[in-house]
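*Asks:* Below is one structure. I have some questions about it.
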Amino acid sequence: MKNIKKGVKIHSLIFENSIYIYTGDEIMTFFADSVLVVKRKKSKDMFCAVAINTPKNISVNSFFKNKWQRIIDTPCNDQFIWPIDLILLSEPNPQCYLVYNFVSDSIYKSLSKLSLTQDVYGYENKSAQLISLELMKALMFLEENRFLFIGLDDDSVFVNNDRTRILLPLHELMIPDDTKEIYFTQNDFFSEVIDPFSYHNGRILKSRNKIYTYDKNSENFAFVSILFKLMIGIYPFEGPFVSGFEYNVNSAANTEWINRYLQNPVFVFDPVDTSNSISMYNKNIVHCKRWNEISEELRKMFMEFFNHNNVMRNISPTIHYSAEQWYNTLQTAFTPH
């Protein structure tokens, strides 16, 4: 970014004759560390632009442009920070940016940071209930439009000050076809909500990098894992297998915790396999209490979904609940009788 000259023109790859001007300003936002401030040449409206990986053959790569055309043309719901344009800066080297409307930094915090200072987890918590419903609305949008979205974790769910609304930033690891897979490395994205099947089935490349595949089941696993944590306060496999290896959301060195967590996908409330059960741990009294207090239907759905054989896809077809099913079950459970 240091070599970009103020006033340079940046052309849209989506909208014909749409041109942006680089203002010379670079800022940090709550959803991206380094952002260009650009203005539309005709209207003078200001936007932020986030750099994404740019194909070497960008001038003839119709797949890349068509992918973003499909995403940008889709009317977004309220749960996403959605790009409104794709632009190409030609100097000093070809570089693509996603263009977003500005969102106020001051009223949003990630779920992980919010949980350090405020109680946001727990079935009994009204905030957890509202955030859970918002999360399932986001998943419903993805399912209805057949998008495959990667990047969900505690750090990428942004919650407003009133804890009534969420925002999920849409970055480049997304495709408008839920029948395909997204390939990624640990440097791209790796967290405690990457499903264990992907973790165990990663392939080693010649450069010694490990490549993982993320598909529709992986997307569903990530959303339901965060939902479970919102309801109970811990992740679905966070039992004795990871005891002594606390996950620290402020630390960049959580590899050991994540590896132990993903290597032992035994549900903490599995009714048959109790090897990772938390029922005997005093520190988990509150989590056990919440589990016993959620509705019978929710418990059934979680137990079936997080069953080891289902998570590892040893059964066919795998047990899958739609976002609408989760949403309706939650709404019924949250409604006072």
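The numbers here are math on the coordinates, done by the rules we state, and not lab data. All values derive from a computational prediction rather than experimental measurement. Don't worry about glycine lacking a Cβ; one is built from the backbone with ideal geometry, like all the others, and counts go over all protein chains shown.
*Asks:* As a test of the definition: which semi-axes, in Å, follow for segment 108-334 when you take the square root of five times each eigenvalue of its alpha carbon gyration tensor? Largest first, please. Show your work: numbers first, answer last.
*Replies:* Numbers: eigenvalues 117, 90, 71 Å².
With the √(5λ) rule applied to segment 108-334, the semi-axes are 24, 21, 19 Å.
*Asks:* Got a sec? Which residues in segment 190-221 would a label at Met312 touch, if it sits 7 Å along Cα→Cβ and we count backbone N under 17 Å?
*Replies:* 195-202
*Asks:* Any idea what angle helix 323-334 forms with the longest principal axis of the chain, computed on alpha-carbon atoms, 0 to 90 degrees, nearest 10?
*Replies:* The answer is roughly 50 degrees.
*Asks:* What is the ratio of the Cα radius of gyration of segment 28-136 to 2.2 N^0.38 Å, where N is its residue count, to two decimals?
*Replies:* Working: Rg = 17.7 Å, N = 109, 2.2 N^0.38 = 13.1 Å.
Dividing the Cα radius of gyration by 2.2 N^0.38 Å gives 1.35.
*Asks:* Right, something else. If one computes the Cα centroid of segment 222-237 and of segment 13-90, what distance in Å separates the two points?
*Replies:* 33
*Asks:* Also, quick follow-up: Take the alpha-carbon centre of segment 147-221, take the same for segment 291-333, and report the distance between them in whole Å.
*Replies:* 20
*Asks:* Taking the number of other C-beta atoms within 10 Å as the exposure measure, put His320, His287 in order starting with the fewest. Numbers along the way, then the final one.
*Replies:* Values: His320 13, His287 22.
Fewest-to-most ranking of His320, His287: His320, His287.
*Asks:* Under a crude label model (7 Å from the Cα following the beta-carbon direction), how far is Asp33 from Ser207 in nanometres?
*Replies:* In this crude label model, Asp33 to Ser207 measures out at 1.8 nm.
*Asks:* Also, quick follow-up: Arranged by the count of other C-beta atoms within 10 angstrom, fewest first, what order do Asp33, Asp178 take?
*Replies:* Numbers: Asp33 9, Asp178 15.
Ordered by Cβ neighbours within 10 Å, fewest first: Asp33, Asp178.
*Asks:* Over the chain, with a Gaussian network built from C-alpha contacts below 10 Å, which listed residue (Ser104, Ser12, Ser112) shows the highest mean-square fluctuation?
*Replies:* Ser104
*Asks:* Among His171, His11, which comes first, then next, by fewest other beta-carbon atoms within 10 Å? Don't jump to the answer; show the numbers that get you there.
*Replies:* Values: His171 18, His11 15.
Fewest to most other Cβ atoms nearby, the residues stand as His11, His171.
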